[in-house]
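The values are calculated or read from the model by the stated rules, or taken from the named source; none is laboratory data. Note that the coordinates shown come from a computational prediction; the quantities given were computed from them, not determined experimentally. We place every Cβ from the backbone using ideal geometry, glycine too, and count neighbours over all the protein chains shown.
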There are 2 protein chains.
Amino acid sequence: MTRKDIGKVLSLADALCHERGVRLTEQRKIVLKLLLESDKPVSAYDLLDRMRETVKNPAPPTVYRALDFLMEQGLVHKLESINAFVGCTHPDHPHASQFLICADCGEVAELEDDSVVQKLQQASEAIGFKTKRPVVELMGTCAQCSGKK
Amino acid sequence: MTRKDIGKVLSLADALCHERGVRLTEQRKIVLKLLLESDKPVSAYDLLDRMRETVKNPAPPTVYRALDFLMEQGLVHKLESINAFVGCTHPDHPHASQFLICADCGEVAELEDDSVVQKLQQASEAIGFKTKRPVVELMGTCAQCSGKK
DNA sequence: GCGGTAACGTTATAATGTTACAAAACTGGC
DNA sequence: GCCAGTTTTGTAACATTATAACGTTACCGC
């Protein structure tokens with residue numbers, strides 16, 4: 001993500017939080033910024049390390065609290081299969097994403113494919129299941145890594 | 001899963017492993033049995049506790065090695081979003097499952113919906129991504145728990 | 001300013017998972 | 001049967017991920 005795009009998302013995040021009456025505090029903004037700056041998912045403890053530059057004495061709860069908040073606001077996603085976090089690139093609308101995680105280079109693509117969501121919806125509704133949070137993560141190899149081997 | 005069905009799956013597992021030239025050792029069978037006996041997913045350390053009845057001094061590697069083997073053989077699945085494991089109820093053929101995890105009662109349904117798999121396939125192929133392991137877990141509320149609130 | 005709530009600091013600890021290396025068990029060829 | 005090689009298991013230590021508990025500080029509406 002380019003410096004400019006990061007700025008955009010950050011101010012969008014600001015606006016969204018203000019609109020919702022919640023507080024995007026300095027710490028939370030720092031965590032979000034760190035995630036957006038990384039082109040790969042970052043673990044909570046890596047974030048903790050990176051926070052040391054801007055925050056005095058961050059402890060695990062510091063980063064987990066920020067992450068919890070950011071996830072509630074849809075600004076950050078957790079990748080359950082690798083215990084790491086990514087900044088959301090289009091937080092302006094609620095969405096159910098699918099993540100393609102490259103096992104080679106570690107990069108992650110965030111898709112938002114309606115037909116996938118719809119099929120999942122159908123399949124779960126058929127047995128009366130009400131989905132609150134879908135987790136869809138495909139582990140594999142991205143196009144770039146497939147090519148250059 | 002009934003006692004009888006557990007027996008069936010266990011002997012199927014035996015047959016499959018023999019066919020593939022891999023060893024379903026006593027420990028591995030114990031772990032598989034424990035998972036099948038539970039109607040809910042079980043964490044690695046819970047399994048470890050339950051193993052103490054039949055195995056002398058189980059340590060974490062004991063259970064993780066068994067789980068790794070069983071997952072490789074498609075006899076067990078890991079639920080990434082809750083760090084727990086379930087025995088597969090139909091291990092006879094390779095399959096990409098979807099899991100519906102009830103946040104209320106903790107029970108899990110394993111689906112195998114081809115149209116979902118197909119849509120995921122399409123969406124990922126479209127950007128040249130090759131999926132090795134799909135993780136599809138829907139967190140929500142099952143029919144029974146929805147009804148009785 | 002004051003009182004209530006939300007956010008943060010701090011310490012400790014729980015839960016989950018891995019590394020590394022030695023010992024034992026099994027397998028296949030003779 | 002026995003040996004050599006491989007797989008499996010035992011064991012101790014350690015690494016990573018996440019939460020509990022409780023006190024303090026900052027913010028916000030009145």
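Below is a table of values for the structure above.
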| item | result |
| --- | --- |
| Residue among A:Glu72, A:Glu107, A:Glu37 that alone is over 20 Å from A:Leu10 (Cα atoms) and either at pLDDT 95 or above or not hydrophobic (A, V, I, L, M, F, W, C) (or both) | A:Glu107 |
| Yes/no for A:Pro94 being more than 8 Å from DNA strand D (Cβ to nearest atom) and free of Cβ contacts under 8 Å to residues at least 40 places away in the same chain | yes |
| Of all residues making up the stretch B:104-135, the number that are over 16 Å from A:Pro134 (Cα atoms), surrounded by 17 or more Cβ atoms within 10 Å (Cβ to Cβ) and of a type in the set (A, V, I, L, M, F, W, C) | 2 |
| Matching option when the condition is among the small types (Gly, Ala, Ser) and farther than 25 Å from B:Cys105 by Cα, among B:Ala84, B:Ala44, B:Ala66 | B:Ala66 |
| Residues that are among the small types (Gly, Ala, Ser) and out of contact with any Leu (no Cβ under 6 Å at 6 or more places or on another chain), drawn from the stretch A:124-138 | A:Ala126, A:Gly128 |
| Count of residues meeting criterion [modelled with pLDDT of 95 or more and more than 15 Å from A:Glu37 (Cα to Cα)] in the stretch A:75-94 | 6 |
| Number of positions in the stretch A:20-36 that are under 12 Å from the mean Cα position of the chain (by Cα) and touching a residue at least 24 places away in the same chain (Cβ under 8 Å) | 5 |
| Residues located in the stretch B:98-135, provided they are within 7 Å of chain A (Cβ to nearest Cβ), small (Gly, Ala, Ser) and free of Cβ contacts under 8 Å to residues at least 12 places away in the same chain | B:Ser115, B:Ala123, B:Ser124, B:Gly128 |
| Residue list for the stretch B:7-59, filter: among the charged types (D, E, K, R) and assigned to a helix (DSSP H, G or I) | B:Lys8, B:Asp14, B:Glu19, B:Arg20, B:Glu26, B:Arg28, B:Lys29, B:Lys33, B:Glu37, B:Asp46, B:Asp49, B:Arg50 |
| Sole residue being within 12 Å of another protein chain (Cβ to nearest Cβ) and surrounded by 14 or more Cβ atoms within 10 Å (Cβ to Cβ), chosen from B:Leu34, B:Leu47, B:Leu138 | B:Leu138 |
| Residue count, the stretch A:70-119 (criterion: in contact with a Cys (Cβ under 9 Å, 6 or more places away or on another chain) and more than 21 Å from A:Ser146 (Cβ to Cβ)) | 8 |
| Residue that is nearest to DNA strand C (Cβ to nearest atom), among those in the stretch A:44-66 that are among the hydrophobic types (A, V, I, L, M, F, W, C) and within 18 Å of the chain's Cα centre (by Cα) | A:Ala66 |
| Residue match in the stretch B:62-85 (condition: crowded, with 20+ Cβ neighbours inside 10 Å, more than 14 Å from chain A (Cβ to nearest Cβ), of a type in the set (Val, Ile, Thr) and touching a strand residue (DSSP E or B) at 6+ places or on another chain (Cβ under 8 Å)) | yes |
| Only listed residue being within 11 Å of the chain's Cα centre (by Cα) and within 16 Å of DNA strand C (Cβ to nearest atom), chosen from A:Ala84, A:Ala103 | A:Ala84 |
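For every residue, the table says whether it meets (1) assigned to a strand (DSSP E or B); (2) at positive phi; (3) in contact with a Ser or Thr (Cβ under 9 Å, 6 or more places away or on another chain).
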site: B:Pro91; (1), (2), (3): no, no, no
site: B:Ala96; (1), (2), (3): no, no, yes
site: B:Asp104; (1), (2), (3): no, no, yes
site: B:Lys132; (1), (2), (3): yes, no, yes
